[in-house]
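Structure first, commentary second.
The values are calculated or read from the model by the stated rules, or taken from the named source; none is laboratory data. Everything numeric here is computed off the predicted structure, so don't read it as measured data. Please note: Cβ atoms are built from the backbone with ideal geometry, for glycine as well, and neighbour counts cover all protein chains shown.
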Amino acid sequence: MLELRPSCENCAKPLPPAATDARICSFECTFCAECAEGVLGHVCPTCGGNFVPRPIRPAHNWRGDNYLGRYPASEEGRHRPVDVEAHRRFLARVGAIPPGER
């Protein structure tokens, strides 16, 4: 079950459950689209993986109790600003490698 973390790990921008600009990697590191695409160059600073849009969990109980009311979003944020210079060096090493080959 995705945690749906509440904010960007880099800039701390709020990313509520319905945010369409939330991006995650396979380890659920969470960033806003601006940081994921701009600052990070589509490469996760934690694992080196790529980012995808975070799914939106329905706010309403459409079927089977699979909704935010039963499975709420996390309230615990992770504010870990990226060392931009270190990430530039990392990006230079792995950024040109397609995500499926990293």
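Note on segment 1-13: among residues that are in contact with a helix residue (DSSP H, G or I) (Cβ under 9 Å, 6 or more places away or on another chain) and under 17 Å from Thr46 (Cα atoms), the one that is surrounded by the most Cβ atoms within 10 Å (Cβ to Cβ) is Cys8. If you go through segment 39-65 and keep only what is more than 30 Å from Ala96 (Cβ to Cβ) and exposed (fewer than 13 other Cβ atoms within 10 Å of the Cβ), you end up with Ala59, His60, Asn61, Trp62, Arg63, Gly64, Asp65. When the test is whether a residue is of a type outside the set (Val, Ile, Thr), modelled with pLDDT of 95 or more and surrounded by 11 or more Cβ atoms within 10 Å (Cβ to Cβ), Pro72 passes it.
Which of the residues belonging to segment 9-63 are of a type in the set (Lys, Arg), under 11 Å from the mean Cα position of the chain (by Cα) and in a loop (DSSP other than H, G, I, E, B)? Correct list: Arg54 only.
Scanning segment 14-38 for residues that are closer than 12 Å to Leu2 by Cβ and surrounded by fewer than 18 Cβ atoms within 10 Å (Cβ to Cβ) turns up Ser26, Phe27, Glu28. Restricting attention to segment 75-98 and to residues that are surrounded by 14 or more Cβ atoms within 10 Å (Cβ to Cβ) and part of a loop (DSSP other than H, G, I, E, B), the residue that is farthest from the chain's Cα centre (by Cα) turns out to be Gly95.
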